[in-house]
1. Per residue, how much accessible surface does the protein assembly as shown expose to a 1.4 Å probe? Answer in Å², no decimals.
2. Calculate how many DSSP beta bridges within the stretch B:69-190 are antiparallel, expressed in % of all such bridges and rounded to the nearest 5.
3. What fraction of the DSSP beta bridges in the stretch A:250-385 is antiparallel, stated in percent and rounded to the nearest 5?
4. Calculate the length of the line joining the C-alpha centroid of the stretch A:232-280 to that of the stretch A:175-214, in whole Å.
5. Too long at a 29 Å Cα-Cα cut-off: which of B:K67/B:K107; A:K285/B:K148; A:K150/A:K310; A:K254/B:K32; A:K40/A:K218; A:K185/A:K299?
6. Over the heavy atoms of A:H327, what accessible area does a 1.4 Å probe trace out, to the nearest 10 Å²?
7. Round to a whole number: what % of the accessible area of the protein assembly as shown belongs to carbon and sulfur, probe 1.4 Å?
8. Return the ratio Rg/(2.2 N^0.38 Å) for the stretch A:212-345, where Rg is computed over Cα atoms only.
Amino acid sequence: MIVARTGNEAMAEAMRQINPDVVAAYPITPATEVVQLFSKFVHDGDVDTEFVPAESEHSAISACVGASAAGARVMTSTASQGLALMHEILFIAAGLRVPIVICLVNRSLSSPINIHCDHSDTLASRDSGWLQIYTENAQEAYDTTIQLVKVAEQALLPGIVSTDAFIISHGMERVELVDDNEVPKFLGERKLNYSLLDVDNPVTLGALDLQDFFFEHKRSEIDAMDHVLPIIERVQKEYGDKFGRYYSTVDEYKMDDAEVVIIAMGSTGGTAKVAVERLREKGKKVGLVRARVYRPFPKDAMLKAVTKAKVIGIMDRADTLSTLGGHLYNDVRSILYDTATRPLLKNYIYGLGGRDISIEEIEAIYDELFNIKKSGKVDKNIVYYGVRGE
Amino acid sequence: MALLEIRWHGRGGQGAKTAALLFGDAAVETGKYIQAFPEYGPERMGAPVFAFNRISDEPILQHCGIKTPQIVVVLDTTLMETVDVTEGLPKDGVVLVNTQKNAGEIKQELKLTTQKVYVVDASKISKDILKRDLPNTPMLGALIKASKLLDFKAMLESVKHRLEHKFPNRPDVVDGNIKAIKRAYEEVGE
């Protein structure tokens, strides 16, 4: 069915079709609508979900952990400060291997207080052991929400699927929905190795784990992250074969012969694709790579995509405040260290607090990257793009 | 159809965002690709607000703001005193204004030479039919007439469907809006 939906509506529709056993949530701008619409589905009897309107995000995610450990299919939604308040429990969820899925809207973290898009919220939770997938548009947010439930349950890892605040969350687009009855079929029942509610086979969860075994348990969690990419790739393919929309961990656009490349995440990927189109019309060999799956980092796919590039501009919609530039820049820089022909890299921190990035600005970045290709050197590795006083 | 961009000017509470969403919804139902989004600032009742549409036969990839719309819709002429409503409008652009004045007067006020101006008294239509000054839905009818972007009947069906969903117990609101859209479609002038 083809409909017009905002990103939030699309994610809420996916949640309705997934029909989770438990949703515990606390609404926050700009993800409020996801929870609000879902609570209406609960009220109207469209889903069988046990809906827990919690008193804070910390409580919401804590309820999610308990429910997921008991064997339920569990989802929630949040943004920005909400995710920050969940931070403590994020690590617990990942360590306990409970496959919760968060439908998240990327909004900048305070301060200064702001409700608009950047990726500082999820990137601050980068090392919590959650899968992270950044989507480009409402369609992808919808499709990925369904995919991620399956991936999380197979990998026994929790995951975040995110959209850009307002740009996608509140922007209406054409979205193609899967038939209601196809989604439960695609997902199947959650398979349990054990459950807290199985009193005949009791298990202990969350016990104190000191010098004797903590490291082994942590190592097994890391091992799970090491093995999740093939699961994501398999689920993406299954989804494509069934519903016709294929995704890859790394979204490549006009990369076959591209010499000058931009890597970006989220909705900017789409805007950059239009810039690529325009420059290709002028005969310039440019390409775009969108880091769709960000955690775990799809190292091999990313290397395969960019090693032929001469110059790469990496666009980060957040800063690490470490003086080393953005998160994506550091990841890409790191994986290129062992390659024989290291391309020249430049980091563009842009769009913080929702500042718009236009097609023309991205074209100008490509122009600058061509100048770097010509001169063979990068004068300044990290720049703040579109900010006053630079 | 190549990509076309629309900017809606209104005041908080006049329904610029709703109009953009209703237009987007209708366009999707007639097989188009669309985007509909407001500009979220510190909006409050009466403050100048913006909403936007993109419409195309092809998938729309860009997610940046709209700076050079081909069509501008003005829900409130008092905005013309403080906001540059024709900013970025190309030479062959179209302006549609909710006003009692005629197109020539508006053209002069906005200092336009090459662009086309359409006018309709959407506020009067709304007050006559809905007993309230809500110019957004009638302006949809005027926009379809002026732009010929969508099939009028299909648009009416879509808006009706959406309003029925939004106001399940208020058939009077649904019928009133449809009537207002039809009248604005008839009355819009160049």
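1. On the way: 25220 Å² over 580 residues.
I get 43 Å² per residue for the protein assembly as shown.
2. Taking every DSSP beta bridge with both residues in the stretch B:69-190, the antiparallel ones total about 10 percent.
3. Values: 4 of 23 bridges.
Of the beta bridges lying entirely in the stretch A:250-385, close to 15 percent run antiparallel.
4. One Cα centre to the other: 31 Å.
5. Numbers: B:K67/B:K107 21 Å; A:K285/B:K148 38 Å; A:K150/A:K310 38 Å; A:K254/B:K32 25 Å; A:K40/A:K218 39 Å; A:K185/A:K299 32 Å.
From B:K67/B:K107; A:K285/B:K148; A:K150/A:K310; A:K254/B:K32; A:K40/A:K218; A:K185/A:K299, over 29 Å: A:K285/B:K148; A:K150/A:K310; A:K40/A:K218; A:K185/A:K299.
6. Taking all protein chains as shown, A:H327 has close to 20 Å².
7. Numbers: 13000 of 25220 Å².
Looking at the protein assembly as shown in its full context, I get 52 percent from C and S.
8. Details: Rg = 16.7 Å, N = 134, 2.2 N^0.38 = 14.1 Å.
It is 1.18.
The values are calculated or read from the model by the stated rules, or taken from the named source; none is laboratory data. Worth saying up front: this structure is predicted, and the values here are computed from it rather than measured. Cβ coordinates were reconstructed from backbone atoms using ideal geometry, including for glycine residues, and neighbour counts include every protein chain displayed. Surface areas here come from the heavy atoms of the whole protein model, side chains and all, with no ligands, DNA or RNA. Shrake-Rupley method; radii C 1.70, N 1.55, O 1.52, S 1.80 Å.
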